[in-house]
Each structure stands twice: as C-alpha cells, then as structure tokens.
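Have a look at the structure below, then the notes.
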Amino acid sequence: MQRRQLLQLGLASLGAAALPTQLWAASPDTPRLLVVFLRGAYDAANLLVPTSSSFYYESRPNIAIAKSAALPLDADWGLAPALADSIHPLWLKQQAAFVPFAGTNDTSRSHFETQDHIELGQPDDVSAGSRDFRSGFMNRLASVIGAGEPASSRLEAMAFTDQVPLILRGKLPVANQALRDLGKPAINAAQAQVIAGMYANTRLAGTVSGGFEVRDEVTREMAGEMEAASRGAIAAKGFALEARRVARLMRERVTLGFIDVGGWDTHVAEGGATGQLATKLGELGKGLALFADEMGPQWKNTVVVVVSEFGRTFRENGNRGTDHGHGSAYWVLGGGVKGGRIAGEQVEVKAATLFQNRDYPVLNEYRALFGGLARRMYGLSDAQLTTVFPGASARDIGLV
C-alpha cells in the first residue's frame, strides 16, 4: 500500500503499523512466514563451511574457515563461528536447517536481474523483457491463502522496507513499513558547501574544497557497487537493532513478512572466521535470534527463510574476496522446523562438481523449495501452487 493510498483512506497520519488492530489481527495458530533477502550475494561457503573438503582449503588459502574454528554440524559441514551465540543454539534445538546448493537457474550473475528473477518467481523460460513486474510470488501467495476469506480475517502481508519490493507487488494491496531512515553522512553536501564558502578567497580555499571533493569521490568509488547491489536494503547491524520490532508486528498482526538486508557483495577483504563477512553474519544472526525470542509462543508457528540472489565463486580472488557465483545456501529457521540437519540434494564439494568450474551448482531450485514449503505450511493444492509458481513443481524436502 503506497502512501497516496493511505492518504485516500484518511489514515496517513497513523502509519501502516498503527492501523486498527481488528484489520490486522490474525489467529494465534496462523502460520507466519518471514523471507529475509540478503542483497549483494553472500558467500555461502564461509557460512556453511564444507569442512570435509580438502578442495575448499586449497581454493581459499587466505579466507577459509579452519575446521577447528567451524562449529560442527555433521561429518561434512560446519557453521561460521560468528553464529556461535545466535544461530547455533537454534541448530542444537533442531530449530534451524540449511539447504546448500540452492538458488535459481538464472546464470546471468547480475545482482539486479537475478534478484528480480527470484522475487517474481515466474518461469525460467520467461525472458527478462517479458516478465510481469507487477506480480511478485509473495503477493500471489498472499492472494491464494487469503482467497475467499472475509477482509477482517484475511492473512496480512507486509514489507519491512522503504518501498514495496517486487516480491510483494501485485493485485493484493500490501503495506510497507520502513525500519530506518537512510544513513546520512556526518557532513552532507549542503553543509560542505557552506563550509567551503567560509574559506572562499583564503589560502585554505583550495585545500578545503579539494578535501570534500576527494572524500566524495572515494565514497562513491568504494560504496557504489555494494550500495547498488543492496538496493537500499537495511544493513545487517540495522536489522539486529530492529528485529524485535519486526517480531512484534509479526507476532500480533502480520502473517507474511519480507525484509531485505544489504552489504553482502564481498569482492575485497572478505575475511574468514573473523573480518568483514564474519561481522555481518554475526549481526544478522543476532537479529534473527532476537526475532525468535521476541516471537515467544508464536515461534512454533513461524518459519524464517534466508535467501540471497546467488552465491560467490568457490575460489577466492586476488583481492582476498570472492566474485559473483551461482549456487548459494538457504537458511530455514522456526520453532516447528525439522532442523538440526542439512537438507535437500547435495553433492561432494570438489573441483569436478563445480558449476562451470567456478561455483556451487544449483541442485535445489528455489521455486520448488518454496512451493514444497508452502504446501506443508498452508495445505495448498497443485492448482494453488501453480498460481504462485507457474511452471514449477513443488518439492517437499521435509523442512516443516
């Protein structure tokens, strides 16, 4: 629901989260689904560590997570130590599962094209130019599971984003609730202009003006690609700060939620057990653990799915980072999740099994995975699943 629609209803001053409870309240036993999209393509191999693979350690001499540092999950996989106090306890309670070799069949390795592909959930053989950008798969899901119900009891969807994302656009009106204002520099452009004006016609004029120009140029160069890939998504640290707020809305009012978290495009200085990626994973894990705690008894009815547009190259690059890849690893969390296991189709991690000799393959296609999950959560028929994911075959891998 856009702001102009709220204005038309005379509700703009209240904001989406303050709409009358009777329009939003859902049954305590209604399933809750939260999709968390990591924009920028996080490095799944340094989250779900293939500890039994010597090829992993050969391919990443500088950024691999040592087997002794990884938190053991089973004989083949370990978890990034940054999640020791957040996601690992959920794993031990069998409330967390991971699906490696997951993703889309899109091979463009373009952040934008692949993000769109996943959010729309339309057939693989539909070209980018002929996709319907007015129909995201979560909007279709909301329409299907709410069809035929009175408005007062219909399942409500919300995007915890600055704008309604593609995944929730469609025929069903959907509200969005921004979690934070966009970050602002300590000195903005207008302030910089004022300061530069103060030094005009002095011997420091060139130094001051040049300093601001250099700052702006460096900022643009360093942040450009990551910001673009993130599409304005909240940072991992911001998600950790807002997680309880999201949980309160989903516990009491919202049954289908979406949030995106940006900053995962780690081409340079990715790090291993510690460093850039580990810090972000730690913040994300903290936020998800806080979300689980705040959901309280509703956690047993909640499923959280963490996805990303694609994975990273399996081998590290010359900048001790990783580049755009293919297969990723999805996280599935929840009080009713059949966790404590690595789910879905798998393959031994070695050179011969890489996709195009560079990336994880996609063995667990995301539409089939979400379709199987939706069937179990909502009891959807084949016809309903076809509406949500046209041309796809749902695959139940026993996540719930």
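What follows is calculated from the coordinates using simple rules that are stated; it is not laboratory data. Model, not experiment: these values are computed from the prediction. Virtual Cβ from ideal backbone geometry, glycine too; neighbours counted across all protein chains shown.
The residue list Gly121, Ile63, Pro81 was ranked by how far each Cα lies along the charge dipole of region 27-148 toward its positive end, using unit charges on Cβ atoms, and Pro81 comes out on top. If R0 equals 51 Å, the separation of the Cβ atoms of Ile342 and Met198 corresponds to a calculated FRET efficiency of about 0.25. Restricting region 73-143 to chymotrypsin sites (Phe, Trp or Tyr not before Pro) that sit in a DSSP loop and have at most 14 other Cβ atoms within 10 Å of their own Cβ leaves Phe133. A Förster radius of 45 Å combined with the Cβ-Cβ distance from Gln356 to Glu252 puts the calculated FRET efficiency at roughly 0.45.
List the pairs from Lys93/Lys286; Lys280/Lys350; Lys171/Lys338; Lys67/Lys350 whose alpha-carbon separation is above 24 Å, in the order I gave them. Display every interim value, and only then the final one.
Working: Lys93/Lys286 16 Å; Lys280/Lys350 27 Å; Lys171/Lys338 33 Å; Lys67/Lys350 16 Å.
Long pairs (Cα-Cα over 24 Å): Lys280/Lys350; Lys171/Lys338.
Between region 317-333 and region 340-400, the alpha-carbon centres lie 18 Å apart. Computed from point charges on the beta carbon alone (+1 for Lys and Arg, -1 for Asp and Glu), the dipole magnitude for region 240-370 about its Cα centre is near 380 Debye.
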